[in-house]
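Right, one structure below, let's go through it.
The values are calculated or read from the model by the stated rules, or taken from the named source; none is laboratory data. Only a predicted model underlies this, so the values are computations on that prediction, with no experimental measurement involved. Ideal geometry is used to build each Cβ from the backbone, glycine not excepted, and the neighbour counts take in all protein chains shown.
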Amino acid sequence: MPDIVIHVVASALYAVLALHFWNTRWRARPAASAAASSAPAAAGLQAWERAAILVPLAAHGALLYSEMFAKSELRFGFAYALSAMLWLTVLFYWLESFLYDLDAMQPPALALAAFAVPLPVLFPGRLGAAYAGSFEFRLHLLLAMLAYSLFTIALLHALLMAAVERRLHRKEGAALGALPPLLTLERLLFRLIGAAFVLLTVTLATGFAFSETLFGRAMRFDHKTVFGVLSWLTFGLLLAGRQLYGWRGRTALRWTLSGFVLLFLAYIGSRFVLEVVLGRG
């Protein structure tokens, strides 16, 4: 089957599943919301739903592997970065669903993945330089994508928590689909940010450590490095504020959003400007 067909099929399946979860979890707004529970809910995905998500997830993963890593020359760009980031996001949510009832997170995650799957066909990026095939570079790249994905999940968590809190303040009820209690979501949010912060720290450290090996020079403080370090500082301050001052709610959302924007600009945003706006590839 041609790759373009697999891209279209995987995107369509993600979109159909996003619509399904929106209709059954958000639109229906079950009366018995898991937000009313005092303990983490059991996994809410039905067996067929869990299996159905695996189909586009497997196809998407196979595409990324064949296009990015299976060949001797690594091809990369903003579209591949975004696609890989959202593939990992869906994978993490699928795994997380075994522990928590997070059905309400499926519609945005699956919809974003549906958008991202065909992007590499439209924006194929460029072949990496000779160093792109090295173990060090691929390790650095993998760590960066894992950090991006965990921060994406954290951002979606924070936005959903803000929506639930707004509904509660308006006395409209908390249900936006089945969710654990807000305090559980908050603990999950900061665990995600903490894990992502560790990955981002290691990503920056490997970037500095491998720079001499890969490029034959010390790490330059270009826009990627500056935005990456600023994002690292932002998330570090957020975690410190949480530990020292108990930051939560809108404060946590603002810091999470700010850190994510800086991280997005570090590579994906800057590559989008170069490849699409300026046409430099």
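Taking ALA218 as the residue in question, decide whether it is more than 22 Å from the chain's Cα centre (by Cα) and modelled with pLDDT of 95 or more.
Values: more than 22 Å from the chain's Cα centre (by Cα): yes; modelled with pLDDT of 95 or more: no.
It is false that ALA218 is more than 22 Å from the chain's Cα centre (by Cα) and modelled with pLDDT of 95 or more.
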ask   = Which of the residues spanning segment 59-78 are free of Cβ contacts under 8 Å to residues at least 60 places away in the same chain and part of a helix (DSSP H, G or I)?
value = ALA59, HIS60, GLY61, ALA62, LEU64, TYR65, MET68
request  = Scan segment 253-281 and report the pairs whose first residue is at positive phi and whose second residue is at pLDDT below 90 and surrounded by fewer than 20 Cβ atoms within 10 Å (Cβ to Cβ), with Cβ atoms within less than 8 Å and a gap of 6+ or a chain change.
outcome  = GLY281/ARG126; GLY281/LEU274; GLY281/GLU275
note = Of the listed residues (GLY249, GLY269), the one being under 21 Å from LEU86 (Cβ atoms) and not aliphatic (A, V, I, L, M) is GLY269
query = Restricting attention to segment 34-44, does a residue exist that is buried (at least 17 other Cβ atoms within 10 Å of the Cβ) and modelled with pLDDT of 55 or more?
reply = yes
request  = State the number of residues belonging to segment 88-106 that are surrounded by fewer than 24 Cβ atoms within 10 Å (Cβ to Cβ) and closer than 25 Å to VAL5 by Cβ.
outcome  = 3
key: The lone exception for ALA266 - which of (1) at pLDDT below 90; (2) farther than 27 Å from GLU96 by Cβ it fails   = (2)
inquiry  = For the structure I just gave you, tell me whether TRP48 is over 21 Å from the mean Cα position of the chain (by Cα) and either within 28 Å of LEU265 (Cβ to Cβ) or at pLDDT 90 or above (or both).
reply    = yes
message = Being modelled with pLDDT of 90 or more and in a helix (DSSP H, G or I): is that true of GLY207 here?
response = no
